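To start, the structure itself, in structure tokens.
The values are calculated or read from the model by the stated rules, or taken from the named source; none is laboratory data. A quick note: this is a predicted structure, and the numbers were derived from the prediction, not measured. In this analysis, Cβ positions are derived from the backbone assuming ideal geometry, glycine residues included, and neighbour counts consider all displayed protein chains. For the accessible areas, the whole protein counts, side chains as well, though only heavy atoms, and no ligand, DNA or RNA atoms are used. Shrake-Rupley method; radii C 1.70, N 1.55, O 1.52, S 1.80 Å.
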Amino acid sequence: MNNPQEESSIGKRKNSENGSANIPQEEFPAITPQNSSKQPQTSENMTYTDDEARTLLEAHSRAGQRQPQPNPLTSLMEAAERALGYRDYGSADNPRREPFPAASRVMIDLSQFVADGNPSPNVYGVQNRPAGETLTLDPRAVIEQHSVVAQAGTRIIIAHPRDRAIAIGGGEKTDGLLGFYEDPQLVRNVEPAQFATLADASDATVSSLPFRDQLFTWPSVPTAAFRVTVTRDQNRQVGGGDDLRDALLRSVLMGLGLYADKLLLTAIAAATPAAFTFGAAAAKFLKVDDLRAVIGTTGTGAGYRGDGAFVANPGIPGEISEATAGTYIGAFSSAAVAVWPELTVQARRLSTAGDLEVTCLVNAQAVLPDAGKFWTVAA
């Protein structure tokens, strides 16, 4: 019989006809494989059936799952409701008081999961979700789900700038000072290297590097804001409280997806792209499957293909978007939208009744290494 150490190890994959799975070696509760009645096997040749492998994978997923953070809007709005409109300063012998905003602020980490709280049994959404069940929101997944350009292939980057502070020492005047530098980031499009037949006694033609880069940094990136008022009555009625805060958080994340669309489509429009032709796409080393269309509010060139697919003229699959007026065809997978990893949210109490003004601030930018991979569409 196998000892516990051997039973918990994961072996290599059998031949494909045996239906076994190959799983990385990890520490899991021991599961006795089907061949345990045979002579002991080492971790080099131990195998598991599909059911045993599935059990181990589920255990591995639970062990490595990140714990979601509570909805940050809950603590934010509760703190703002209790905030005072003044602050005290001065000494005990000479106390003073000055007006101060009755507000609170929180930073939401977009790289961390957020717990989407239990919905009340009398509050319904358009999706079937049992009351009392807590779900986990992945902010980036929500942004991508509600971004048309992301669905077309654009990458949403939750960027983590690698800024550094360096202590400056070695002198009386510099002790305690910090020097800062910034490490820029980039998005790179790699293209095929173009080989050419070389004639006898001739040199190869020197080509430029076969990729296109777009650097991006953060100091000059503008801030986008969303502001809304939540009255005491709205917070106390059906659908208020935790349900209101959960819905507001989801709305903010969905809005970031729409903002990503606006940023990229605005950058494409600013590049004044030419009219689309298949020849122009071929010159950029693109395949037809690489192309997608985004149809704006004017509906230019939109229609249905004979097979029922929604397309933009001359037949490129597309989707509609509120974020632009025109219609664009391009390789959206060659672009990205970088989002600052922290979403700043501030709540300010407007009255003694408890009305709140909630403001969300975000920094994001479109990264377009090759604007030549996008084109306009005629009617």
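What the table shows:
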| item | result |
| --- | --- |
| Selection within segment 285-310 - crowded, with 18+ Cβ neighbours inside 10 Å and in contact with a Gly (Cβ under 8 Å, 6 or more places away or on another chain) | L291, R292, A293, V294, I295, G296, A302 |
| Selected residue [closer than 27 Å to I143 by Cα, at pLDDT 85 or above and part of a loop (DSSP other than H, G, I, E, B)] from S111, S104 | S111 |
| Residue in segment 286-299 that is assigned to a loop (DSSP other than H, G, I, E, B) and among the charged types (D, E, K, R) present | yes |
| Hits in segment 75-114 - residues which are acidic (D, E) and either in contact with a Phe, Trp or Tyr (Cβ under 8 Å, 6 or more places away or on another chain) or open to solvent by 60 Å² or more (accessible area, probe 1.4 Å) (or both) | E78, E81, D88, D93, E98 |
| Flag if W340 is among the aromatic types (F, W, Y), closer than 30 Å to T74 by Cα and in contact with a strand residue (DSSP E or B) (Cβ under 6 Å, 6 or more places away or on another chain) | yes |
| Selection count, segment 360-379, where residues are surrounded by fewer than 22 Cβ atoms within 10 Å (Cβ to Cβ) and part of a loop (DSSP other than H, G, I, E, B) | 4 |
| Those residues of segment 115-159 which are surrounded by 15 or more Cβ atoms within 10 Å (Cβ to Cβ), among the polar types (S, T, N, Q) and modelled with pLDDT under 90, in sequence order | N118, S120 |
| Residue tally, condition open to solvent by 10 Å² or more (accessible area, probe 1.4 Å) and not in a loop (DSSP other than H, G, I, E, B), over segment 340-359 | 7 |
| Segment 192-225: number of residues that are aromatic (F, W, Y), over 30 Å from M254 (Cα atoms) and either open to solvent by less than 70 Å² (accessible area, probe 1.4 Å) or under 28 Å from the mean Cα position of the chain (by Cα) (or both) | 1 |
| Among residues of segment 311-327, those that are outside any loop (DSSP other than H, G, I, E, B), open to solvent by 40 Å² or more (accessible area, probe 1.4 Å) and in contact (Cβ under 8 Å) with a residue 60 or more places away in the chain, counted | 2 |
| Index of the failed condition, G241 passing every other in (1) modelled with pLDDT under 95; (2) in contact with a Ser or Thr (Cβ under 9 Å, 6 or more places away or on another chain); (3) on the phi < 0 side of the Ramachandran plot | (3) |
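Listed here are the residues, each with its yes/no results for (1) under 25 Å from V187 (Cβ atoms); (2) open to solvent by less than 20 Å² (accessible area, probe 1.4 Å); (3) part of a helix (DSSP H, G or I); (4) touching a helix residue (DSSP H, G or I) at 6+ places or on another chain (Cβ under 7 Å).
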{"residue": "R227", "(1), (2), (3), (4)": "no, no, no, no"}
{"residue": "L249", "(1), (2), (3), (4)": "no, yes, yes, yes"}
{"residue": "M254", "(1), (2), (3), (4)": "yes, no, yes, yes"}
{"residue": "G257", "(1), (2), (3), (4)": "yes, yes, yes, yes"}
